[in-house]
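Chemist: I'd like to ask some things about the structure below.
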Amino acid sequence: MADYNEIISAFKNKPGGIIEAFHAIQKEYSYIPEEAVVAAADAFDMSKARAYGVATFYSYLKVGKRGKNVIRICESAPCHVAGADKVVAALEKELGIKMGETTGDGKFTLEFTECVGQCQATPVITINSVPYGDVTAEKVGEILAAYK
Amino acid sequence: MAQEMRIVLRNYGKIDPLKIEDYIGVGGYQSLAKAKGMGQSAVIDEVRKSNLRGRGGAGFNAGMKWGFSYNTPADQKYVVCNADEGEPGTYKDRIIMQNDPHTLLEGMAICGYAIGATKGFIYCRGEYPYVVDVLNTAIDQAKASGVLGDFDIEVRMGAGAYVCGEETALIESIEGHRGEPRFKPPFPGVAGLWGKPTVVNNVETFANVPVILEKGAEWFSSIGAAKYPGTKVFTLTGDVVNKTFFELPTDVTIRDVVFGMGGGVKDGKKLKAVQIGGTSGGFIPESLLDTQVDFDSMSAIGATLGSGAVFVMDEDTDLVDVIDRITKFFEHESCGKCAPCREGTKRMHEIVSKVNKGLATADDIALSERLGKVMTRACLCGLGQAAPAPLLTTLSHFRPEFNAKLG
Ligand SMILES: Cc1cc2nc3c(=O)[nH]c(=O)nc-3n(C[C@H](O)[C@H](O)[C@H](O)COP(=O)(O)O)c2cc1C
Ligand code: FES
């Protein structure tokens, strides 16, 4: 895994590049380690509080450890009326965790998201940002199999 | 019956979006060359006369906006494309970018030439990493072939904050800050990104520009509604037969969109309501379906055209439950900078949840209505100002649904 210090230094000279740096770190780690926020504050010449403020403002970014595969379920109104709750129930059952939790082996995290712009196929989930549409409780096992 | 008319999606399915040769083969980048032959102010005049109005929601005349930046002297100016597309139920900008990225780049480059900017940014939502890849491929090809001249374009990613669709919050985010909206004025056209004159336009707005330069302002302004000419891309969701996207002239009615193109309500059910413009749009009852979809006709019935998302709800839909969900969205997405929005969205969700659980009284509903009216006027940005619209419009058109749930 690329060291976050290396990633940060690649963006250091980009004006306003701290968010791009956070994206690149998260792509590598699936989250942003706390220490990486401190390192970014240093590289972009701002206080730790400010860097932390930026990282935690954005719901797509996650500071602190989470699972290797991040499953997000869209709960915006079009997905909501299309039965997102049934997909949530199926995922919770399949993985044995509740929304917001990570499996014991660190492989999966379940999170809610707002609309991910794939609304032609509600309800929608994403796994590591790859969208899956028209998801039903029955399809959940099959979709997850590819990540197990 | 309404017919599709493809202007921004003119190349959809006809070219390989990942090949610049294909775009050039259908006349691509000729409008940019033409613009450079016309002179800056003539380009701005042409766009102004076409009466192309912003497709991101506010409906401002694009040429006029460009004029503000053109007329503000500065050592550096910027062109920013708003590809944040956060309005739930909307995916039209994604369709444009995935299928014809060069039309966006060309539209931005024309704007850059017109206002005197050499740098452009596309702020694309973080949920679209696969779109970012398409854009970067297109930018690399455009740079390698030299078509953009001295105009540079860079993609920056959003990170899951709906408020960053608001143009000044978006600018803050490109600068690497929390996406909190600025006080206006000054408007971005005069003092935007890093304090410099900045044009912010939506993807669909830019995608219209090359065609307007090619075919002329007169041609464009004669299409669709006189005051909001051209086409609009609609994305249909919910209980509708054809859950897909359509590009239609702006003089079609809501009925044309839902029952014509959309094929009507699924499973032979009756319609209860339509919400247009995304989650911040007003709820529209059956009796208003013959309203034209253009910006001004929609405003006149207390609704919005917004992003062009069309959310169809059948007779079985529990509207109070939907509004509960929507008010939760706004509580989550409020950035917290101004008190009326930070506190208001939270309390509004609290009250609607109480109604949804059957625990509220008529006084609670009256309070939420008053709160909504205050937020509409007192919130700093469009997020808080529009947040009460779904609740207030359902209360005016569907109040019995709320009364039926009172404890
Ligand atoms: C909360 C909020 C969210 C917005 N989201 C978007 C968006 O996702 N895309 C967009 O183009 N405009 C959005 N806007 C409108 C922008 O502020 C701005 O008016 C628009 O980008 C201008 O471009 P246009 O004139 O081409 O429409 C949003 C506004 C608000 C208040
Ligand atoms: S509403 Fe769920 S993906 Fe758009």
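The values are calculated or read from the model by the stated rules, or taken from the named source; none is laboratory data. Not measured: the values here are computed from a predicted model. When we count neighbours, we look across all protein chains shown, and the Cβ atoms used for this are built from the backbone with ideal geometry, even at glycine. Ligands, DNA and RNA are stripped out before the accessible areas are found, and what is left, the full protein with its side chains, is counted by its heavy atoms. Shrake-Rupley method; radii C 1.70, N 1.55, O 1.52, S 1.80 Å.
Chemist: For the full complex of protein chains and a 1.4 angstrom probe, list A:M99, B:M38 by accessible area with the highest value first.
Modeler: Values: A:M99 40, B:M38 65 Å².
Largest accessible area first, the residues go B:M38, A:M99.
Chemist: Give the ranking of A:S30, B:S41, B:S222 by solvent-accessible surface, highest area first, calculated with a 1.4 Å probe. Each step should come with its number before you reach the end.
Modeler: Working: A:S30 20, B:S41 60, B:S222 90 Å².
Descending accessible area places them as B:S222, B:S41, A:S30.
Chemist: Just to make sure I understand: if all protein chains stay in place, what is the order of B:H349, B:H102 by accessible area at 1.4 Å, largest first?
Modeler: Numbers: B:H349 30, B:H102 0 Å².
The most accessible residue leads, giving B:H349, B:H102.
Chemist: Here is a follow-up. What is the Cα centroid distance between segment B:214-289 and segment B:72-101, reported in whole angstrom?
Modeler: That distance is 21 Å.
Chemist: Of A:A137, B:L392, A:Y29, whose Cα points farthest to the positive end of the dipole of the protein assembly as shown (charges on the beta-carbon: +1 Lys, Arg; -1 Asp, Glu; origin at the Cα centre)?
Modeler: Of the options given, the answer is B:L392.
Chemist: Among the DSSP beta bridges whose two residues both lie in chain A, what percent are antiparallel, rounded to the nearest 5?
Modeler: Values: 7 of 14 bridges.
Taking every DSSP beta bridge within chain A, about 50 percent pair in antiparallel fashion.
Chemist: What aspartates and glutamates could a cross-link reach from A:K107, if we take a straight Cα to Cα line under 18 Å and drop same-chain neighbours fewer than 8 places away?
Modeler: Answer for A:K107, where 18 Å is the Cα cut-off: A:E28, A:E92, A:E94, A:E142, listed by chain and number.
Chemist: Have a look at the DSSP beta bridges in the protein assembly as shown and tell me what percent are antiparallel, nearest 5.
Modeler: On the way: 25 of 53 bridges.
Bridges in the protein assembly as shown are about 45 percent antiparallel.
Chemist: Per residue of A:116-124, how many C-beta atoms from partner chains lie within 10 Å of its own C-beta, taken as a mean?
Modeler: Numbers: counts 9, 16, 4, 12, 9, 3, 4, 0, 0.
For peptide A:116-124, the averaged partner shielding equals 6.
Chemist: Mind running the shape call on segment B:1-149? Use the C-alpha gyration tensor, a ≥ b ≥ c as the square roots of the eigenvalues: rounded below 1.5 for a/c, prolate if a/b tops b/c, oblate otherwise. Could you put the intermediate results ahead of the total?
Modeler: Numbers: a/c = 1.37, a/b = 1.22, b/c = 1.13.
Rounded, since a/c falls under 1.5.
Chemist: Could you check the simple spin-label distance between B:N403 and B:A339, using points 7 Å along Cα→Cβ, in nm with one decimal?
Modeler: My value for the distance between the label points is 3.6 nm.
Chemist: On to the next question. Under the definition of partner shielding as Cβ atoms of other protein chains within 10 Å of a residue Cβ, what is the mean value for peptide A:15-23? Numbers along the way, then the final one.
Modeler: Numbers: counts 5, 11, 3, 3, 12, 7, 1, 4, 7.
Mean inter-chain Cβ contacts per residue within 10 Å come to 6.
Chemist: Placing +1 at every Lys and Arg Cβ and -1 at every Asp and Glu Cβ, with all other atoms neutral, what dipole size does the protein assembly as shown have around its Cα centre, in debye to the nearest 20?
Modeler: On the way: 60 positive and 69 negative charges, 155 e Å.
Dipole magnitude for the protein assembly as shown comes out near 740 debye.
Chemist: Find out how many positive minus negative residues lie around B:L319, taking Lys and Arg as positive, Asp and Glu as negative, among other residues whose Cβ is under 9 Å from that of B:L319. Write down the numbers at each step before the final one.
Modeler: Values: positive: B:K272; negative: B:D318, B:D321, B:E401.
Cβ neighbours under 9 Å give a net charge of -2.
Chemist: Per the helix-only calculation at 222 nm, which mean residue ellipticity applies to the protein assembly as shown, given -39500 (n - 2.57) for every DSSP H run of n ≥ 4 and division by its residues, nearest 500 deg cm²/dmol?
Modeler: Working: 23 runs with 240 residues, N = 555.
Helix contribution divided over all residues of the protein assembly as shown: -13000 deg cm²/dmol.
Chemist: Hey, what angle do you get for helix A:84-95 against the long axis of chain A, alpha-carbon based, 0 to 90 degrees rounded to 10?
Modeler: The helix A:84-95 is inclined about 80 degrees to chain A.
Chemist: Let me ask something else. Compute the convex hull volume of the Cα atoms of chain B, divide it by the residue count, and report the result per residue in Å³ as a whole number.
Modeler: Normalising the Cα hull of chain B by residue number yields 126 Å³.
Chemist: Can you give me the distance in nm between label points at B:S222 and A:T103, each placed 7 Å from the Cα along the Cα-to-Cβ direction?
Modeler: A separation of 6.2 nm, rounded to one decimal place.
Chemist: A follow-up question, please. Return a whole-number percent for the relative contact order of chain B, with Cα pairs under 8 Å and 6 or more residues apart as the contact set. Mind dumping the intermediate values first?
Modeler: Details: 836 pairs, mean separation 68.7, N = 407.
That works out to 17 percent.
Chemist: Give me the mean projected area, in nm² to one decimal, of the convex hull enclosing the Cα positions of the protein assembly as shown. Don't skip to the answer; put the middle values down first.
Modeler: Details: hull surface 99.0 nm².
Mean shadow area of the hull around the Cα atoms is 24.7 nm².
Chemist: What's the ranking of B:92-101, A:103-112 by average number of surrounding C-beta atoms within 10 Å, highest first? Intermediate results must be reported in sequence, preceding the final value.
Modeler: On the way: B:92-101: 24.5, A:103-112: 16.2.
Peptide ranking by packing, descending: B:92-101, A:103-112.
Chemist: With +1 on each Lys and Arg Cβ and -1 on each Asp and Glu Cβ, how big is the dipole of segment B:20-221 about its Cα centre, in debye rounded to the nearest 20?
Modeler: That gives segment B:20-221 a dipole magnitude of about 580 debye.
Chemist: Also: Report, ordered by chain and residue number, the aspartates and glutamates lying within cross-link reach of B:K328, taken as a straight Cα distance under 13 Å and ignoring same-chain residues fewer than 8 apart.
Modeler: A:E75, A:E114, B:E343, B:E350
Chemist: Counting only other chains, and only Cβ atoms inside 10 Å, what mean value do you get across the residues of A:69-81? All intermediate terms of the calculation are to be shown ahead of the outcome.
Modeler: Working: counts 0, 0, 0, 2, 0, 2, 5, 12, 18, 16, 4, 8, 13.
Per residue, the number of nearby Cβ atoms from other chains is 6 on average.
Chemist: Right, here's the next one. Picking from B:A378, B:A207, B:N11, whose Cα lies most toward the positive end of the charge dipole for chain B (charges on Cβ: Lys, Arg +1; Asp, Glu -1)?
Modeler: Checked the options; the winner is B:A378.
Chemist: What is the P(r) of segment B:109-165, as percent of Cα-Cα pairs per 10 Å bin from 0?
Modeler: Spelled out per bin, shortest first, that is 23, 45, 28, 4.
Chemist: About the Cα centre of chain B, what is the dipole size in debye to 20, counting +1 per Lys and Arg Cβ and -1 per Asp and Glu Cβ, all else neutral? Could the numbers behind the result be given before it?
Modeler: Values: 44 positive and 50 negative charges, 142 e Å.
Dipole about the Cα centre, nearest 20: 680 debye.
Chemist: Can you spot the aspartates and glutamates whose alpha carbon is less than 16 Å from B:K269's alpha carbon? Ignore those fewer than 8 places along the same chain.
Modeler: B:D239, B:E286, B:D314, B:E315, B:D316, B:D318
Chemist: Hey, another quick one. Pairs A:K14/B:K196; A:K14/B:K92; A:K48/B:K119; B:K270/B:K373; B:K337/B:K373: which exceed 21 Å Cα-Cα? Walk me through the numbers on the way to the answer.
Modeler: Details: A:K14/B:K196 17 Å; A:K14/B:K92 30 Å; A:K48/B:K119 30 Å; B:K270/B:K373 31 Å; B:K337/B:K373 19 Å.
Beyond 21 Å between Cα atoms: A:K14/B:K92; A:K48/B:K119; B:K270/B:K373.
Chemist: Roughly what angle does helix A:18-29 make with the longest principal axis of chain A, taking Cα atoms, 0 to 90 degrees, to the nearest 10?
Modeler: 60
Chemist: How large is Rg/Rh for segment A:18-148, to two decimals, with Cα atoms and a Kirkwood Rh? Could you put the intermediate results ahead of the total?
Modeler: On the way: Rg = 16.0 Å, Rh = 15.6 Å.
Reported Rg/Rh (Cα atoms, Kirkwood Rh): 1.03.
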